[in-house]
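Novice: Below you will find the structure I want to go over with you.
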Amino acid sequence: MTTSLPPLPEPVRKDPQKKTPSALSPPSARSRLGMRLSAEAARGRFRLPHCSACTQPVWPPREACPACLSSLQWRDADATGTLIAETTLETSPELYFRERTPWRVGTVDLAGGVPVMAHLHAQCRIGDTVTLRLFLDKADRAVFMAFSDLDSPNLREDIQLRELTNDPRHRRVLITDARTPAGVALARAMTKAGAKRIFAGIGDAWKRDAAIEALEGMETVSTVPLDLTDTRSVEELCGEIGGKVDILVHNAEQVRPGGVMAGRGIADAKQLHEKLVFGFMRLAESFGPVMRSRGADGVNAATAWVNLLSVYAHANWPAYGQHSAAHAATLSLAQCLRGEMQGSGVRVMNAFAGPLEQDWHDQVLPPKVTADRLAREIVGALQGGQQDVYIGDVARDVAERFEDDAKLLEMMNIVNKGPAKKDEGQDPVRSQIEELVRTQLKNEDQQRRATLDSKKGTAK
């Protein structure tokens, strides 16, 4: 029977006379193979290395299968198991855990016979059938956490889980360019998720429209003046609310079709970069240091920086070439910011989406992403503690293709007149060519593995 957890209390108001604690992070040392697990956790996936010969999962990760010395492949794994042992840490040599004790950990016997050390949700008891999930800790390193009931209404009330996620509940959120459909939807979704207060950044607030009325109609939302193209506007807002923002959402909507040879290409590029790229830098220069300094501030800590990006930041889509380039530049800067935030406890999350359901994408064929879906999945990714989230069929398809073969994706974007799901909206000849390329790559990979296995057999 699932144990009911008490509601998570609202954080106590911070005493301004007390010093902000120094930034503390869990131990961050990981092997190269262990970092692969962190990469899977960043995408919200549960994958483990499996033996290519005996197909059994292997943990901890190794260079080869300990049973037959065959090569290992990272694949989706069965996340269910049995909690066979547990302990509660009352003290720890690590300062991070010492300030957060008591802390429950335990050993889970996975279905494949692999024992795994995991953090335990408060509802877990010895003998329970549990489900493991991968999370990133405050040092952006992967850890396991066990759950006995993922459908429990009290799931998010666990204090340990909150340390591994960026749940908006009881937190204060700044949404830039909130006048857009995505901005309004994000304000609604954050409110529904329990955000304490939402600052909705509005440029040209004197222009009244339905979006502003919708924002002002939400009890938790306060509209604030913010023009991402104006350095002074960003600095003044940071001076007013910088120390209050726990989650910052960089939503800079500026969609324009056209590539580098289109008329007004340079003028459009300047507008796009001014808002997306330089707007990001203005926010980073003003809000970044403040949030980094508050990343260890206990229950009142800054926790996440979210960037809304086009999935074509990975590979340019010539029909919206300038837009793709601006988002690619923003993605590169977001990766830089992630490095600068390392160790602070502030997670930089990138939310990638394909074409949105909006006027500037009217000529683009479905599937497209609605503003409500975009907002829901961003909130879900914050609750899941992810670094990267791909929203919609197009975004997930592009991500898979990019991970599989970036060059092939580039060539397909050039040929395609618009985004299409895999095997949809393509002519038969192109589909056959793509399949031939994939088959060739697969055969070459299998040949390399066979050669490697034969060398290992000779060595034995």
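The values are calculated or read from the model by the stated rules, or taken from the named source; none is laboratory data. Since the model is a prediction, treat every value here as computed from it, not as a measurement. Don't worry about glycine lacking a Cβ; one is built from the backbone with ideal geometry, like all the others, and counts go over all protein chains shown.
Novice: Under 29 Å from V12 (Cβ atoms), in the same structural domain as L83 (by TED's automatic domain parsing), at pLDDT 95 or above and buried (at least 23 other Cβ atoms within 10 Å of the Cβ): does that describe L186? Before the answer, list the steps.
Specialist: On the way: under 29 Å from V12 (Cβ atoms): yes; in the same structural domain as L83 (by TED's automatic domain parsing): no; at pLDDT 95 or above: yes; buried (at least 23 other Cβ atoms within 10 Å of the Cβ): yes.
So L186 does not fit the description; no.
Novice: Kindly indicate whether any position in the stretch 139-157 is surrounded by 14 or more Cβ atoms within 10 Å (Cβ to Cβ), within 28 Å of A296 (Cβ to Cβ), out of contact with any Lys or Arg (no Cβ under 8 Å at 6 or more places or on another chain) and of a type in the set (S, T, N, Q).
Specialist: For the stretch 139-157, residues surrounded by 14 or more Cβ atoms within 10 Å (Cβ to Cβ), within 28 Å of A296 (Cβ to Cβ), out of contact with any Lys or Arg (no Cβ under 8 Å at 6 or more places or on another chain) and of a type in the set (S, T, N, Q): present.
Novice: Here's a follow-up. Within the stretch 369-385, track down each residue that is touching a strand residue (DSSP E or B) at 6+ places or on another chain (Cβ under 6 Å) and either among the charged types (D, E, K, R) or at positive phi (or both).
Specialist: Selection gives E377, G385.
Novice: Which of the numbered conditions does A200 fail, given that it passes all the others? Conditions: (1) surrounded by fewer than 24 Cβ atoms within 10 Å (Cβ to Cβ); (2) closer than 23 Å to F278 by Cα; (3) modelled with pLDDT of 95 or more; (4) not acidic (D, E).
Specialist: (1)
Novice: Let me ask you something else. Are there any strands (runs of 3 or more DSSP E) wholly within the stretch 43-124 with 1 or more residues that are within 28 Å of the chain's Cα centre (by Cα) and closer than 22 Å to A29 by Cβ, and if so which? Working first, answer last.
Specialist: On the way: elements: 47-51, 72-76, 80-89, 103-110, 115-120.
Filter on the stretch 43-124 gives 47-51, 72-76, 103-110, 115-120.
Novice: Name the residue that is surrounded by the fewest Cβ atoms within 10 Å (Cβ to Cβ), counting only residues in the stretch 173-182 that are at pLDDT below 95 and on the phi < 0 side of the Ramachandran plot.
Specialist: P181
Novice: Which fully enclosed helices (runs of 4 or more DSSP H) of the stretch 206-306 have 2 or more residues being over 24 Å from N166 (Cα atoms) and of a type in the set (A, V, I, L, M, F, W, C)? Give the derivation first.
Specialist: Working: elements: 210-216, 231-241, 265-275, 277-293.
So the answer is 210-216, 265-275, 277-293.
Novice: Filter the stretch 125-156 down to the residues that are touching a Ser or Thr at 6+ places or on another chain (Cβ under 8 Å), within 24 Å of R43 (Cα to Cα) and assigned to a strand (DSSP E or B) and list them by number.
Specialist: V130, T131, L132, F135, L136, A142, A146, F147
Table: residues versus (1) hydrophobic (A, V, I, L, M, F, W, C); (2) surrounded by fewer than 23 Cβ atoms within 10 Å (Cβ to Cβ).
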position	(1), (2)
H250	no, no
Q254	no, yes
Q271	no, yes
K275	no, yes
M281	yes, yes
A284	yes, yes
R292	no, yes
A296	yes, yes
